[in-house]
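Every number in this text was worked out from the coordinates using simple rules, so none of it is lab data. Quick caveat, the model's predicted, so the values are computed rather than measured. With ideal geometry, Cβ positions are generated from the backbone for all residues, glycine too; neighbour counts draw on all protein chains shown.
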Amino acid sequence: MPTPAIDFDEARKRERRRSPPWVKAASGSLGGVVEAACLQPIDVIKTRLQLDRAGKYTGIWQCGSTIVKEEGARALWKGLTPFATHLTLKYALRMGTNAVFSAALRDVETGELSSARRMAAGFGAGVTEALVIVTPFEVVKIRLQQQQGLTKELLRYKGPVHGAVTIVKEEGLRGLWSGATPTVMRNGTNQAVMFAAKAAIDKYAFDKREGDGQILAPWQSMTAGFLAGVAGPIATGPFDVVKTRLMAQEHVPGVEPRYRGLFHAIGKIASEEGVLALWRGLLPRLMRIPPGQAIMWAVADQLTGMYEKRHIED
């Protein structure tokens, strides 16, 4: 049976109906700025809970109130500069590379992207952002956030730039990529699930398909983004805890590190603190990530929707 001819003109026309990668990158970047400003305190609390081996903090509200009481309300925004910069660059890279991977994986005849290929594109975007942006920025952010009860003069890391320079000077450039393996696993898995879930919710709940010229209402984007952001933290909890522990530990020449890698850290945490410790900080992650995705997608969908409405022919 002869293979049907491929209408490349029609395939190119379908591709032109989708926003280009730079539009996706710009929309994600702006969404990241808004998200960071709103949700930084929850990220600080999550990090403190994950680093707490002595049981100082008994829960989210007690942790937050203790931080405010001992360090002042501004401590809840510790690490905001690297966090905001990190989110801005991360979302730009995530949305842009996902668009590139998606275009490469689309069926050449139909222009459609199957669920499996959409997850592969999301995984590729997550791995890229983890290696290029997320790991070094989170190492600096976590080192800043773990400093507790010290005056400004006694702080080991006095700011994001000073922190990054100090880490490189004392631990080498590789110090900024501490915890890269669990970060890759966490971000790759998370983005694979998130992009697939967001597209499915858009399609089946709101009859929205990429490049169809429709603009979702902000509440629809927020609903889809929130639901898409729930599954990832549950699936990737152990990777996130291990990532935080590996990034927080300093590398001193001649001294054996407490955690030697991903699997060693998982085994050590489970044996010393119990299996549930691998999901420590899950609730604040669920308080931060789904709302963060809701905020980011509300901004990103509006921008890409307006671009498609104005510049892309039906």
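Tabulated results
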quantity: Residue among Gly254, Trp177, Val108 farthest towards the positive dipole end of the chain, charges placed on Cβ; calculated: Gly254
quantity: Amide H partners (placed H, <5 Å) of Leu216, local residues excluded; calculated: none
quantity: Phi-based couplings in Hz for the stretch 56-73 (Karplus 6.51, -1.76, 1.60; Gly and Pro marked x); calculated: 5, 9, 9, x, 4, 5, 5, 5, x, 5, 5, 4, 5, 5, 8, 10, x, 4
quantity: Most fluctuating residue given options Glu112, Glu70, Glu153, as computed from a GNM of the chain linking Cα atoms under 10 Å; calculated: Glu153
quantity: For the chain, built as a Gaussian network whose Cα springs stay under 10 Å, the top-fluctuating residue of Trp279, Trp219, Trp297; calculated: Trp219
quantity: Label-point gap, in nm, between Thr66 and Glu273 - each point 7 angstrom along Cα→Cβ; calculated: 1.3 nm
quantity: Cut-off 16 Å (backbone N to label point 7 Å along Cα→Cβ of Leu154), residues of the stretch 60-78; calculated: 70-72
quantity: Under Karplus coefficients 6.51, -1.76 and 1.60, residue-wise ³J(HN,Hα) of the stretch 270-277 in Hz, glycine/proline x; calculated: 5, 6, 8, 10, x, 4, 5, 5
quantity: Point-to-point label distance, Gln249-Glu112, nm (Cα→Cβ direction, 7 Å offset); calculated: 4.8 nm
quantity: Cα gyration tensor shape of the chain, rounded if a/c is under 1.5, else prolate or oblate by comparing a/b with b/c; calculated: prolate
quantity: Asp52, Asp107 arranged by Cβ crowding within 10 Å, fewest neighbours leading; calculated: Asp107, Asp52
quantity: Helix-derived mean residue ellipticity, 222 nm - over the chain, DSSP H n ≥ 4, -39500 (n - 2.57), to 500; calculated: -23500 deg cm²/dmol
quantity: Percentage relative contact order, the stretch 224-314, counting C-alpha pairs under 8 Å, at least six apart; calculated: 46 percent
